[in-house]
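Peer 1: The structure's right below; bear with me while I get my questions together.
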Amino acid sequence: MFHDGGYQEQALAFHCDAATLPAILTLPVSAAGQAPATRGVLVIVGGPQYRAGSHRQFTLLARSLAQQGIPVLRFDARGMGDGEGEPRTFDDLADDVRAATDCFMGAVPGLRDVVLWGLCDGAAAAVLYAGSDQRISGLVLLNPWARDEAGLAKAMLKHYYLRRLADPALWRKVFSGRFDVRGSAASLALHIGRALRPSAKPPLAGIEPAGAVSAPDPMSTVAPAATPPVSAAARPPAPTAALPSIPAVAAPPLGPRLYAGLQRFQGQVLLVISPGDLTAMEFLDLAGSSRAWRTLMRAPRITRRDVPGADHTFSSRAWRDQVAEWTGQWLRSW
């Protein structure tokens, strides 16, 4: 047990099938007479990550929430970090999340309900799981993963290429002869072809053909460098950093499954968006793609907060602290 002022931390281990998984429990240091916490936060780590998170994001989040009186458990799923077993994709973490929830509530007997907190594919995993467990009362979703090939292509055309056309640096390169016109044209044609390719019919009644929503701000950042880069053939010229990866697409399509998950789960949802992040823009485009999605996102139980200028993982102290503050305020509001 580690103790530091407003919080204390304890290393735990629990079983998921035949695998042993490590976890860190961060608890508030309760003052005399203070009622024990009844709601906790379970951090779902997306891959390839482990329980500390990039730039210690999840460690610092847990300590900040504990100082606000909220217990937090973060853990390594099977095959990630120090977790035993074979690696799982984000849409195959149900057993891991259920076992972690069991561990959390056993370690903190006063808990009545748990909020799942996830970034990127960790957020997608939270959505896919939440409706199956009555102990889950809320979701905190940061830049949720919603990618398929056509959706990525449309997002690239809308939020990357249009921005590049308005960038004076691009035209300086063109007129100086330092711009690869042939390669860029090939990349553009590739994304147009993918965007126009018919998508699989969503397995949900009443969903209209897609029509993208407007992005809140011009794209200013990209997804984290922790994910593998896009292949050279598919990568358009970027002024500052590599573009997000294109992992294997699950079947059936992810978009309808996210819709079904959010519709099935009737608890509270906090959606936190980096307006310049391509992954976030893909989710927002999906969330505006049909009347059914738009109606769902207008539900009073869903709260949205934007962090202008933030990157995919909210890597600066100011962005990270803002997310932790909003999370704590939202948890105490219901």
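The values are calculated or read from the model by the stated rules, or taken from the named source; none is laboratory data. Keep in mind the model is a prediction, meaning the values are calculated, not measured. Methodologically, a virtual Cβ is constructed for each residue, glycine included, from the backbone with ideal geometry; neighbour enumeration extends over all protein chains shown. Ligands, DNA and RNA are stripped out before the accessible areas are found, and what is left, the full protein with its side chains, is counted by its heavy atoms. Shrake-Rupley method; radii C 1.70, N 1.55, O 1.52, S 1.80 Å.
Peer 1: Work through the residues other than VAL45 whose Cβ is under 9 Å from its Cβ and net out their charges, Lys, Arg +1 and Asp, Glu -1.
Peer 2: Neighbourhood net charge equals +1.
Peer 1: Same structure, new question: Explain nothing, just compute: Karplus ³J(HN,Hα) = 6.51 cos²θ - 1.76 cosθ + 1.60, θ = phi - 60°, for every residue of the stretch 120-130 in order, whole Hz, x for Gly and Pro.
Peer 2: Per residue, the Karplus-derived 3J(HN,Hα) values read 6, 6, x, 5, 4, 4, 4, 4, 5, 8, 3 Hz.
Peer 1: Note down the nm distance, to one decimal, between modelled labels 7 Å out along Cα→Cβ at ALA35 and at GLN329.
Peer 2: Calculated label separation equals 2.3 nm.
Peer 1: May I ask for the net charge around ARG298, where only other residues with Cβ less than 14 Å from the Cβ of ARG298 are counted and Lys, Arg are +1 while Asp, Glu are -1?
Peer 2: Charge balance near ARG298 sits at +4.
Peer 1: Set the Förster radius R0 to 56 Å, insert the Cβ-Cβ distance between ASP17 and ARG317 as r into 1/(1 + (r/R0)^6), and round the FRET efficiency to 0.05. Intermediate results must be reported in sequence, preceding the final value.
Peer 2: Numbers: r = 39 Å, r/R0 = 0.69.
Step by step, r from the Cβ atoms, then E = 0.90.
Peer 1: A further question follows. What's the carbon and sulfur percent of the stretch 39-96's accessible surface, probe 1.4 angstrom, rounded to a whole number?
Peer 2: In the stretch 39-96, the share of accessible area belonging to carbon and sulfur is 45 percent.
Peer 1: Set the Förster radius R0 to 56 Å, insert the Cβ-Cβ distance between ASP82 and SER176 as r into 1/(1 + (r/R0)^6), and round the FRET efficiency to 0.05.
Peer 2: According to the calculation, E is roughly 0.65.
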